[in-house]
Amino acid sequence: MAEPEVTAETPAAAEEHAAHGAGHGAHHAPTGFVRKYIFSIDHKVIGIQYLLLALFSVVLGMLMSILMRMKMTWPDHAWPVLGWLFPEGAPGGVMTPEFYLSLVTMHGTMMVFFVLTTAPQGGFGNYFLPIQVGADDMAFPYLNMLSFWTTLLGLVVLVSAIFASGGSVIGPTGGWTGYPPLSAIGHLLNVPGQGMGVNLWIISIAIFCVASLLGALNFIVTLLNLRTKGMSLMRMPLTCWAWFTTAVLALLSFPVLLAAGVLLFLDHNAGTSFFVPGGLSNGTTVIDHSGGSPILWQHLFWFFGHPEVYIAILPGMGATSHILSTFARKPIFGYRAMVFAMFAIGLLGFFVWGHHMFISGMSPLTGAAFSVLTLSIGVPSAIKTFNWLGTLWGARIRFHTPMLFAIGFVSLFVAGGITGLVLGQTSLDLSMHDTYFVLGHFHLVMGVAAIFGMFAGTYFWFPKMFGRKMNETLGKIHFWPTIVGVYSIFIPMHAMGLVGMPRRYSQFYEMLDGKLVWIYNFNSPTYPLIQFVSWAAIITVSVQFLFIFNFFWSLFKGERASDNPWEATTLEWVTATPPPHDNFGGRVPTVYRGAYEFGVPGAPEDYVLQTTPDETGPNVAYADEAEGQGRGSSNGNDVHG
Amino acid sequence: MGRALAVFLWVMTGLSVWMFLSGKWWFPTAISEHGPAYDQQFLLTIIVVGVAFVAAQAALGFAVWRFADTGQATRAVYSHGNNRMEILWTAITAAIFITLALLGQRVWWGLHLTEAPANATQVHVVAQQFQWNFHYAGPDRVFGRTKPEKISDETINYIGLDSDDPAAKDDTVTQTLVTRANTPVQLTLNSRDVTHSFWVPQLRFKQDAVPGLDVKVHFTPKTVGQYEIACAELCGQQHYKMRAYMLVLPPEEYDELVALPQAQFNKRVGELVKKYPVNTHF
Ligand code: HEM
Ligand SMILES: [Cu+2]
Ligand SMILES: [Cu+2]
């Protein structure tokens with residue numbers, strides 16, 4: 001890994017750049033509104049489009065979660081508004097069990113696909129991966145645009161399920177995992193939502209798979225081919241490693257889901273029997289299918305599903321590492337170990353899907369093997385945690401809002417991940433499987449931790465994206481109730497799981513003649529927890545509107561941001577705020593060092609930009625244009641030194 | 001800010017640990033032979049998990065308390081890591097995790113990977129929306145043939161028992177699982193429509209009932225009483241109340257019961273269900 005030569009650009013090289021620029025076509029900023037903001041091929045615009053798509057989806061998903069909590073906690077209460085909105089789903093304002101199940105399914109699908117898989121990767125990754133590696137756009141800008149619009153189409157189809165699934169439900173009722181036979185022949189058994197609802201659900205997911213594939217290809221090629229001078233792999237920010245690993249996982253796992261989805265669609269509509277065995281009955285007649293296996297679906301689904309949870313969390317890990325180091329004013333501890341751990345997680349992630357299937361009827365010996373592999377994947381996860389702590393040790397932590405959320409991420413990741421040691425053991429999963437213990441586990445580690453990663457990323461990168469900072473005070477007011485709230489919601493769920501509460505139950509008790517009667521007596525100790533969790537959820541969700549307010553208010557009224565407001569080191573902070581259409585204004589940044597050079601002894605400041613050739617000298621943005629030879633005007637960068 | 005965050009992390013950790021230690025929310029008492037081994041493995045795991053959880057959160061809290069930027073003149077420690085420590089903590093976690101994984105196979109092995117004892121009572125479990133059916137072979141110990149064409153809710157033939165088969169004559173089908181205390185039972189689970197899951201918290205195991213597949217599991221109930229059976233795999237709108245009961249009867253009472261023909265059998269079960277309060281131990 002030789003240091004790149006530092007030479008002033010020769011006229012020939014300059015010409016080459018110009019020619020390259022002209023040939024690319026993407027360098028000239030479009031002028032029309034439609035090409036600039038709607039059908040844009042600029043990765044930055046597309047990134048923001050993804051973020052807005054995720055914001056829409058998360059609001060919908062959150063509202064659904066509140067409705068679920070309301071049904072579960074006050075099962076017979078009439079909410080007139082709901083009766084008016086959903087005359088059949090909530091007749092007289094009382095939600096039906098099938099309405100609840102459609103909420104569960106839509107909430108899960110919305111959150112996993114359209115929030116966790118879009119914002120961290122399609123949103124932040126799209127915006128910042130090219131900039132952080134010093135490229136002027138994604139490798140395939142048109143493909144990028146296509147992948148966003150395909151994703152949006154998928155979302156539109158899913159949302160249409162709210163209206164088209166049949167009156168009493170707002171979507172299919174089989175859960176986000178859509179296990180057949182329920183999803184394949186549920187309509188023959190008169191299960192609400194399992195007709196058109198299932199069709200739209202599969203189509204939406206299939207479209208989403210295609211979109212993710214396009215996106216993944218683009219990420220991989222961009223990262224491998226378009227790195228700027230001096231940006232060796234081991235100098236990349238950990239965010240780039242995370243987005244890259246995520247893209248590889250997506251590339252290998254989404255096709256399997258796509259194939260499974262097509263087969264399920266055929267079973268559901270065309271009378272095939274990939275997942276439906278023979279000899280089933282609806283109580284009167286025999287169902288006309290034979291030869292399929294319900295467990296086959298589970299294998300295909302979880303072969304995708306487990307990597308998917310890493311697709312959801314890896315970008316959050318990347319952002320957290322990036323932000324922790326920046327605000328700790330310290331290099332990341334164990335950069336190499338972090339990269340290897342990430343790859344180990346990605347690789348092992350393909351060999352553990354069976355831990356979702358211990359109870360499924362799969363061969364018990366297979367279960368035992370999956371169990372050992374599953375606990376092994378805990379090792380690289382632990383390595384990451386140790387390194388985050390190592391990064392904070394001896395730091396000079398600046399507690400800005402992004403840092404608060406990044407620290408929150410670490411705490412939540414530990415809290416949620418560690419119970420994987422329980423669920424990953426075949427023996428213990430015998431009891432814990434499909435209980436609220438699982439709900440607590442995955443919401444903390446995949447749901448909320450990933451959301452914290454997104455919050456951290458938003459507060460951190462907002463100034464770069466929009467030229468204004470988000471309001472710090474509001475940010476902190478947002479942080480505190482949110483972290484208290486998410487722990488209050490999801491920690492008690494573990495206790496509920498111990499007691500035995502199964503998931504996907506629309507209610508646990510009912511009111512008979514004004515008396516509370518438990519459907520299962522064994523659940524009765526959980527009463528105070530159910531109440532507590534619901535109130536915590538209502539409050540926590542309400543607080544999120546502070547974030548949305550802050551977001552839009554700061555777009556227009558926020559404090560103006562300089563090019564490098566956090567005194568960070570990576571390339572996104574080298575260029576202007578917001579970055580010009582081609583990211584570096586026709587210039588080519590050259591990279592001289594690793595991504596996290598904070599607190600370097602002897603350096604004039606406590607951070608050294610990746611583009612600074614000499615660490616004992618001032619920070620420099622474009623060293624290859626030194627001595628005033630640089631083309632073009634200064635872009636007002638205040639870190640030129 | 002750092003101190004507030006530290007205090008929050010510690011308090012949250014304390015409350016979480018309290019929640020597990022308080023005893024308010026814990027498993028119901030185990031009633032099967034493998035129950036104590038399960039509880040022991042759970043306890044061991046939760047202690048490891050708890051110690052790791054407390055240590056990590058406490059350390060995180062300590063770091064944000066101790067290493068805040070308070071305008072010190074000196075910079076943060078300039079370090080890119082420490083390979084020895086990386087190797088050390090990788091080795092330690094790997095050793096702990098793999099040990100847990102291996103220990104965590106014991107109960108599993110007993111339930112699923114050993115043959116049921118020869119004296120085990122055989123029960124066929126046929127799940128349906130939204131009900132459990134338990135099929136007993138009767139005195140001849142041979143299960144009558146079942147056929148999907150024979151399934152008819154109207155004539156109360158939920159599992160399609162074929163009355164043409166002589167072996168079916170003495171079979172009984174009930175909606176309550178009756179077992180004999182201290183005698184092994186082998187369940188063979190199946191479903192006639194969608195996937196369900198047999199779940200009794202006091203038994204410390206659940207098992208999916210998968211259409212098209214016969215899944216076997218065996219256990220020995222120890223404590224006389226009546227326990228709730230829940231469905232733990234989403235199966236449709238009434239999934240939340242797909243309830244049945246399991247009776248664990250004293251041997252004499254059990255032997256008396258299973259000698260009865262179908263009609264009296266169900267009547268007697270109705271009486272026993274009243275006799276033993278739910279989830280109470282004797
Ligand atoms: C305020 C925050 C949230 C609350 C109160 C909440 C609540 C719930 C509830 C009540 C269920 C259904 C439980 C059941 O009956 O089985 C559920 C399921 C689920 N949630 Fe959340 N949730 C929240 C946030 C999230 C987030 C951020 C994600 C992921 C990004 C997420 C992903 C899921 C998934 C995948 C399921 C499973 C759906 C299924 O069983 O098919 N949730 N959540
Ligand atoms: Cu998994
Ligand atoms: Cu069921």
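Couple of notes before you dig in:
- Exposed-site-free run, longest, chain B (rule: GluC sites (Glu not before Pro); DSSP loop; at most 12 other C-beta within 10 Å): B:155-282
- What the Cα atoms of the protein assembly as shown give is an Rg and a Dmax of 29.6, 102 Å.
- Relative contact order of chain B, defined on C-alpha pairs under 8 angstrom at six or more residues apart (%): 18
- Over 20 Å (Cα to Cα) - which of A:K44/A:K464; A:K229/A:K384; A:K44/A:K384; A:K476/A:K557 fall in this group: A:K229/A:K384; A:K44/A:K384
- Cα centroid separation, the range B:102-146 to the range A:37-98 (Å): 43
- Value of relative contact order over chain A, rounded to a whole percent, pairs C-alpha under 8 Å and six or more apart: 14
- Among the chymotrypsin sites (Phe, Trp or Tyr not before Pro) in the range A:308-348, none is located in a DSSP loop while being surrounded by at most 14 other Cβ atoms within 10 Å of its own Cβ.
- Environment charge at A:P277 (Cβ cut-off 14 Å; Lys +1, Arg +1, Asp -1, Glu -1): -4
- The separation of the range A:408-441 from the range A:310-350, counted between C-alpha centres, amounts to 21 Å.
- Straight Cα distances below 26 angstrom link B:K169 to the lysines B:K147, B:K150, B:K216, B:K267, with same-chain residues fewer than 8 positions distant left out.
- Beta bridges per DSSP, both residues in the range B:121-275: antiparallel share near 70 percent.
- Taking a straight Cα-Cα cut-off under 28 Å and skipping sequence neighbours fewer than 8 places away in the same chain, the lysines within cross-link reach of A:K71 are A:K515, B:K24, B:K206, B:K241.
- From phi via Karplus (6.51, -1.76, 1.60), per-residue ³J(HN,Hα) for the range A:500-509 in Hz, x at Gly/Pro: x, 4, x, 7, 6, 9, 6, 7, 10, 8
- Within chain A, longest stretch clear of exposed GluC sites (Glu not before Pro) (DSSP loop, no more than 11 other Cβ within 10 Å): A:6-626
- Compared with the direct C-alpha span, the chain from A:V221 to A:A270 gains 13.8 nm at full extension, assuming 0.36 nm per residue.
- Considering only the protein assembly as shown, percent of DSSP beta bridges that pair antiparallel, nearest 5: 70
- The range B:2-122: relative contact order in percent, alpha carbon pairs under 8 Å with at least 6 residues between: 43
- Theoretical FRET efficiency, 1/(1+(r/R0)^6), r = Cβ-Cβ of A:F39 and B:I98, R0 35 Å, to 0.05: 0.10
- Part-to-part distance (alpha-carbon centres) for the range B:61-85 and the range B:170-208, which is given in Å: 57
- Taking each residue as 0.36 nm, the span from B:N266 to B:E252 lengthens on full extension beyond its C-alpha to C-alpha distance by 3.3 nm.
- Backbone geometry of the range B:219-227 corresponds, through the Karplus equation with coefficients 6.51, -1.76 and 1.60 at θ = phi - 60°, to 3J(HN,Hα) couplings of 7, 10, x, 10, 9, 4, x, 10, 10 Hz, x marking Gly and Pro.
A short reminder: the numbers here are calculations on the coordinates, not readings from a lab. What you are looking at is a predicted structure, and each value in this text was computed from that prediction instead of being measured. Positions of Cβ are generated from backbone atoms using ideal geometry, with glycine treated the same way; all protein chains shown enter the neighbour counts.
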